[in-house]
Amino acid sequence: MLVLGIETSCDESGIALFDTQRGLLSHHLFSQIDMHRDYGGVVPELASRDHIRRVLPLICQTLHTAGCTMHDVDAIAYTEGPGLAGALLVGASIGAALSFGLNIPALGIHHLEGHLLSPLLSTPAPDFPFIALLVSGGHTQLMRVDGVGQYQLMGETVDDAAGEAFDKTAKLLGLGYPGGAALANLAQHGHSNRFKLPRPMIHSGDLNFSFSGLKTAVLTLINKHEPSSQTRADIASAFQQAVVDVLVEKSLSALSESGLTQLVVAGGVGANQLLRHELSTRAATQGVRVFYPELEFCTDNGAMIAFAGAMRLQALNTQTPPPASGFTVKARWNLEELEKPST
Ligand code: KG4
Ligand code: ZN
């Protein structure tokens, strides 16, 4: 079964072809970061308009790379939410139109389910059940995953997401948008122990997070110290270490609380090398295996959507859903509302 994945939830147009027998055949991405950079963040209307420009050429390119035509595609998977409503509508309407025109099924996929299942695109892949640490620009959650559509929220941020905290702190340090990767690069030149930042909620006794206070603490440091390049690097390093310490601690608590021994890290912040290093080191001492998506599948991409669509279709066995007769998008959508695919 060949599934065409369409991701347009935010500022990346991602298209991919996943075959249930042969795996990922091809994938292409267009990032709008350069366009939004001048504004210091994503401008929703510009994002929607750019998705309109990019999606069809990207689909043609992805088919061409895989040596396929549209008539080889058995199903469409598009991101239905959560995300920017206008941006989501572009992918959903194109997905539904292709489904209707080609008389093949279309599935609306939860963006976070895509992230959550993305480590299964790599080998070795984890088996169900596992704990997932979802750390993206919009979410920070610990989930217990028992299967496709079987997600149980164990803890989440009560304010800013980890990626959002990276982006806002990067802005305070004068780094561009989006700042996560830039801050991580700057932190490499700094000393994490020159400044002491709080580890918010690390001893809260639950699996929730809070990151908004950290950026205020960073702002206080910036206002107090000479903004030399070394100081900026030291602040970046202290900030990164504080976020990583909390993410590692809570992930290990979720593992011991559940008794599970596999941890999956997904979402853009999962690309952070310090987080990967510390998680893997700490996990190894506790007999836990950590699984990461390939770096290119940490941030938004079409492959994770095509893959999630394929997993859902496979779980439906022989019963093929009908072609789209309409479409909907959900700007806000709780992952726990998802259901196990059933025939
Ligand atoms: O998953 P994603 O592409 O988009 C959402 O669904 O939100 O994640 C984007 C987030 C941004 O906040 C970005 O700054 C952050 O991931 N990010 C990083 C790194 N690379 C991307 N944060 C920390 N370290 C990185 N290396
Ligand atoms: Zn994402």
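Please treat every number below as a calculation from the coordinates, not as lab data. What you are looking at is a predicted structure, and each value in this text was computed from that prediction instead of being measured. Reconstructed Cβ throughout: ideal geometry from the backbone, glycine too, with neighbour counts over all protein chains shown.
Mind checking Rg over Rh on the stretch 127-292, alpha carbons, Kirkwood formula for Rh? Display every interim value, and only then the final one.
On the way: Rg = 15.7 Å, Rh = 15.9 Å.
Ratio of gyration radius to Kirkwood radius for the stretch 127-292: 0.98.
Mind putting together the pair-distance distribution for the chain? All Cα pairs, 20 Å bins, whole percent per bin, short to long.
That works out to 32, 56, 12, 0, in percent per bin.
Using only the alpha-carbon atoms of the stretch 235-343, report the extent along each of the three principal axes, biggest first, to the nearest angstrom.
Rounded to whole Å, the extents work out to 52, 32, 23 Å.
What is the dipole size for the chain, taken about its Cα centre, with +1 at each Lys and Arg Cβ and -1 at each Asp and Glu Cβ, in debye to the nearest 20?
Once rounded to the nearest 20, the dipole reads 540 debye.
Work out the charge dipole of the chain with +1 on the Cβ of Lys and Arg and -1 on the Cβ of Asp and Glu about the Cα centre, then indicate which of 20, 67, 238 is farthest towards its positive end.
Checked the options; the winner is 238.
Give the percent of DSSP beta bridges with both residues in the stretch 127-292 that are antiparallel, rounded to the nearest 5. Kindly include the intermediate steps, with their values, before the conclusion.
Values: 12 of 20 bridges.
Roughly 60 percent of the beta bridges in the stretch 127-292 run antiparallel, per DSSP.
To the nearest Å, what is the center-to-center distance of the stretch 41-82 and the stretch 180-201, using C-alpha atoms only?
Between the Cα centres of the stretch 41-82 and the stretch 180-201 lies a distance of 36 Å.
Say the cut-off is 23 Å between C-alpha atoms; which of 196/250; 250/340; 171/196; 168/330; 171/224; 168/224 go over it? Each step should come with its number before you reach the end.
Working: 196/250 20 Å; 250/340 27 Å; 171/196 20 Å; 168/330 26 Å; 171/224 17 Å; 168/224 18 Å.
Beyond 23 Å: 250/340; 168/330.
How would you rank 38-47, 171-180, highest first, on the average number of other Cβ atoms within 10 Å across their residues? Each step should come with its number before you reach the end.
Details: 38-47: 14.4, 171-180: 19.4.
For the peptides 38-47, 171-180, the packing ranking is 171-180, 38-47.
Pick out the long, greasy-scoring helices in the chain: whole DSSP H runs spanning 27 Å or more along their own axis by Cα, mean Kyte-Doolittle at least -1.0. Let's see the in-between values first.
Details: long enough: 44-66 (31 Å, -0.06); 229-258 (43 Å, 0.20).
For the chain, where a helix must reach 27 Å along its axis and average at least -1.0, the hits are 44-66, 229-258.
Can you pull the three principal axis extents for the Cα set of the stretch 26-147, in Å, largest first?
The Cα atoms of the stretch 26-147 stretch 41, 38, 24 Å along the principal axes, largest first.
Based on DSSP H runs of at least 4 residues, each adding -39500 (n - 2.57), what is the mean residue ellipticity at 222 nm of the chain after dividing by all its residues, to the nearest 500 deg cm²/dmol? Before the final figure, lay out each step's value.
Details: 10 runs with 141 residues, N = 343.
Here the helix-only value at 222 nm equals -13500 deg cm²/dmol.
Considering only the stretch 31-160, what is the antiparallel percent among its DSSP beta bridges, to the nearest 5?
Numbers: 12 of 17 bridges.
Of the beta bridges lying entirely in the stretch 31-160, close to 70 percent run antiparallel.
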